[in-house]
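Asker: Below is the structure I would like to discuss, written out as C-alpha cells.
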Amino acid sequence: MDKEIIRVGKLTEAIEQAKVPLSTVVKGAGLVFVSGMPPIDRETGEFILNADVVTQTRHCLENVKACLEAAGSSLDKVLKVTVYAANAAHFGAINGVYREYFASAPPARTFVAVGSWPIAFDIEVECVALA
C-alpha cells in the first residue's frame, strides 16, 4: 500500500501556517499515523491559548478523532497514544478527559512531560491506529 497524506481542513492549514514540516495524518501499510495534535480550534484554525488543561485536552482529542475519521479510521481502532504535557502535574486532569474518549479497552499509551513548545499550550496528543 502506498503512503497517503490526509488533509484535515483547518487543522492542516494551521500547521502549515506555523511552517511546521509535517503531515497532519499519514496512512499506509494498514495503519494511520496522526501527528501530535495541539489544542487548535477546528472551526477557526486558531490555537487555543491560555485555556485550562482540561479544555486543551478536549480540543486535542477532538482533533485526533477528526484526523482519524478523515483517514477512514476511528478512536476504537487506536493502537497507541502518546500524550505530551508541559507539566506532569496535569496527569490527573488529562486522564479525566482521556477516559471519556477511551472508556473501554484503551490503547497502549505513553505520557511524556516536556519542557515547552514554541507556542503557549500545555498538551499535544499523537496516535497510531488501524486504517
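Asker: Can you find a residue that is within 11 Å of the chain's Cα centre (by Cα), modelled with pLDDT of 95 or more and assigned to a loop (DSSP other than H, G, I, E, B) anywhere in the stretch 4-16? First the steps, then the outcome.
Answerer: Step one: list which residues in the stretch 4-16 are within 11 Å of the chain's Cα centre (by Cα), which gives 11.
Checking the rest, the ones that are also modelled with pLDDT of 95 or more come to none.
No; the residues of the stretch 4-16 include none that is within 11 Å of the chain's Cα centre (by Cα), modelled with pLDDT of 95 or more and assigned to a loop (DSSP other than H, G, I, E, B).
Asker: When you look at residue 35, is it in contact (Cβ under 8 Å) with a residue 24 or more places away in the chain and in contact with a helix residue (DSSP H, G or I) (Cβ under 7 Å, 6 or more places away or on another chain), yes or no? Full working, then the answer.
Answerer: Values: in contact (Cβ under 8 Å) with a residue 24 or more places away in the chain: yes; in contact with a helix residue (DSSP H, G or I) (Cβ under 7 Å, 6 or more places away or on another chain): no.
Taking the combined requirement at face value, the residue does not satisfy it.
Asker: Tell me which residues, restricted to the stretch 22-61, are open to solvent by less than 50 Å² (accessible area, probe 1.4 Å), assigned to a loop (DSSP other than H, G, I, E, B) and farther than 23 Å from residue 93 by Cα.
Answerer: The answer is 23, 24, 30, 45.
Asker: Only one of these conditions is not met by residue 72: (1) open to solvent by 40 Å² or more (accessible area, probe 1.4 Å); (2) modelled with pLDDT under 95. Which number is it?
Answerer: The one condition residue 72 does not meet is (2).
Asker: Which condition does residue 69 not pass, out of (1) in contact with a strand residue (DSSP E or B) (Cβ under 6 Å, 6 or more places away or on another chain); (2) closer than 14 Å to residue 8 by Cβ; (3) not in a loop (DSSP other than H, G, I, E, B), if it passes all the others?
Answerer: If we test residue 69 against (1) in contact with a strand residue (DSSP E or B) (Cβ under 6 Å, 6 or more places away or on another chain); (2) closer than 14 Å to residue 8 by Cβ; (3) not in a loop (DSSP other than H, G, I, E, B), just (1) comes out false.
The values are calculated or read from the model by the stated rules, or taken from the named source; none is laboratory data. Computed from a prediction, not measured in an experiment: that's the story for all the values here. Cβ: placed from backbone, ideal geometry, glycine included. Neighbour counts: every protein chain shown. Note: areas computed on protein heavy atoms with side chains; ligands, DNA, RNA excluded. Shrake-Rupley method; radii C 1.70, N 1.55, O 1.52, S 1.80 Å.
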